[in-house]
Amino acid sequence: MKKKWKHQHRKISLSVSLAVFLSFGLLTGTCAGEEEVPAPDLDFSFESQEQAYDEYAEYAEEPEEYAEEPEEYAEVPEENAGETEEASGDDSDSGEYHTENYYEEPQTNSVEGWPKGPLVEGKAAILMDLDTDAILYAKNIDTKCYPASITKLLTGLIACENLNPADSFVMSETAAYGIEPGSSSIYGDVDEVFTVEQALMGLMLESANEMGMALAEQTSGSVKKFAELMNQRARELTCSNSHFNNPHGLHDEEHYTTARDMAKIAKAGWQNRTFRRYFTTDYYEIPPTNIMKETRYLLNHHKMMPGRDYAYEGVVGGKTGYTDQSGNTLVTFARRDNISLVCVVLGSINGAYEDTTALLDYGFDNFEHLNMKVPLQPELPSLDAEQYLLKDNGGPYAFQYRTRVFVTVPKGTKRSALLRKQSTLANSAGPLRIKSKYYLNGQMTGWGMQYEVQILDGLLTITDPEVLSA
C-alpha cells in the first residue's frame, strides 16, 4: 500500500510544473544570496499549455505538508478596534479579521526608546540581526511551539557538517516510505540513487520529507540516532527550550522549539557557507536517475523570493513550514544596506508572509549599524629599538580587538547612550577573552570580543647603561 500512493502521485509531471512557472513569468532570475549558482538556460516545448496548467494547478496549490490549511480567524473585538488601527497605521475601517494572537503586544514595545513594532498574527516571532545578534523584535520568543518543516534547517546544517555533497547513496525503504502519505516529497523511491547535494536541494527547496529521512540515515545510521545528534547540536548552539524527535518536522508532541532557538539555528545555517547555498537557491534540477526516468525540477517554496507572490526586496532565502498543529511557520533571510536580518514566525496564518513583510519593514526602516570605534591595537609605549633586547620569559598581558565592533540601534542613537558590560571568558586551549556587550535601556544591541596579548615592553630588557642608571 505504501508504494501505491507514491506511484499515484507520480502522475503529476515535475516537468509540467516548471513549464507553468516559466510560462507565467514566475521565474525571474536567481536568488541574490552569496555563492548562488545561476539557473541554466532552459528550452522546453509542450503540446498543450492549457493542458499543462490544468495538470499542474492541483499540485501547485497543495500546501507544504497537508492539503488543507485551517482558517482560524477571530473577529476584531470592538474595544480593540482603535488600537488595531493605530498599530497598523490605517485609520479606515477595513473590516479585517485577525486571530487572537494578533492583539498581543511584542515584548520589545516595552523597551524605552525602542521603535514600536507591528502587531502580527503569529503566536511567536523574532527579528534578529545576523551580524550583531541584536534582537530587534520579540514576541513570545521563549514560548514552545511546533516548528513543522523549518526543522529542516537544523537537519540540513548537520548534514552539511558531516557529509560530502558529492557522495552518492541508495534510498532505503525506511526513508522512502517512512513518511506520512500526502506529505511533502519529491517521490524518492527504494533503491534510487541520489547525491547528498540532490537530497539537500530536495530537502530545502521542495521540503521533501523522505530526503530528511535519507540524510538522517546517511549521517547517523538511523533516524533515532540522528534525532539525538539534532538535540546535541541544538545544545551547542545554546538552544535551551527545544527538543527534536525527527529530521522533517511532521507533527510529534515531543518535537518543539522557540522563536529564539530557531533564530540561533538559522544563524548557524547562515554562517555555514556550504549550507547557505541550499536554502538560498531558487531553482534546481535533478536529472533522471536509475529509477525516475524524467528530470525533477525543484523550486524554492518561499514566496518572498524574487518573482513570487510576496516578493520582497532583499530576501535571499529561508524555509517554510506547515502542519495542522503548528500553523504556518516561516524563517526568512534578508539583506539590505549591509544589514542582514533573520525573521522567524511561528504559529501564524496565510503562510506568515504578511507577518514577515511587516517585521522586515520594521527592521530596515527603524534600525542602523553604529560603529563603536574600538581600538584595534593595544596601547604600547614608544621604545628606542637600540636600547632594548628581547627576553626569553613572559610578561604582563593586555587585551585587544581583532575586528571592528558594530551594534544595531534605533536610527539616530549616539554611542554615549549605550552601556557596556564586560565578562571574562576562560579558554583552556588559548588566550583569555573579554566579551563586551552593549545595551540600550536594557536591550542588547551588539557585542565585541577582545583577545589576550602580551605587551611588547614586557618581553624586552633594558641594556643601555645610561637607561639602567637613570
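Give LYS264/LYS414; LYS123/LYS144; LYS224/LYS264; LYS116/LYS319; LYS116/LYS411 a once-over and call out the pairs whose C-alpha atoms are over 21 Å from each other.
Distance filter (> 21 Å) returns LYS264/LYS414; LYS224/LYS264; LYS116/LYS319.
With +1 on each Lys and Arg Cβ and -1 on each Asp and Glu Cβ, how big is the dipole of the range 153-205 about its Cα centre, in debye rounded to the nearest 20?
160
Enumerate the calculated ³J(HN,Hα) couplings along the range 298-310 in order (Karplus 6.51 cos²θ - 1.76 cosθ + 1.60, θ = phi - 60°), each rounded to whole Hz, writing x wherever the residue is Gly or Pro.
Along the range 298-310, the couplings run 10, 10, 4, 6, 5, 8, 9, 5, x, x, 9, 4, 10 Hz.
Could you calculate the contour length gain from VAL193 to THR403, that is, 0.36 nm times the residue separation minus the distance between their Cα atoms, to one decimal place in nm?
So the extension gain works out to 71.1 nm.
Could you please state, rounded to a whole Å, how far the C-alpha centre of the range 321-379 is from the C-alpha centre of the range 134-213?
Centre-to-centre distance over Cα atoms comes out at 23 Å.
Read-outs throughout are calculated quantities, based only on the coordinates presented, and are distinct from any laboratory measurement. Predicted model, so just to flag it, every value in this text is computed and none were measured. Don't worry about glycine lacking a Cβ; one is built from the backbone with ideal geometry, like all the others, and counts go over all protein chains shown.
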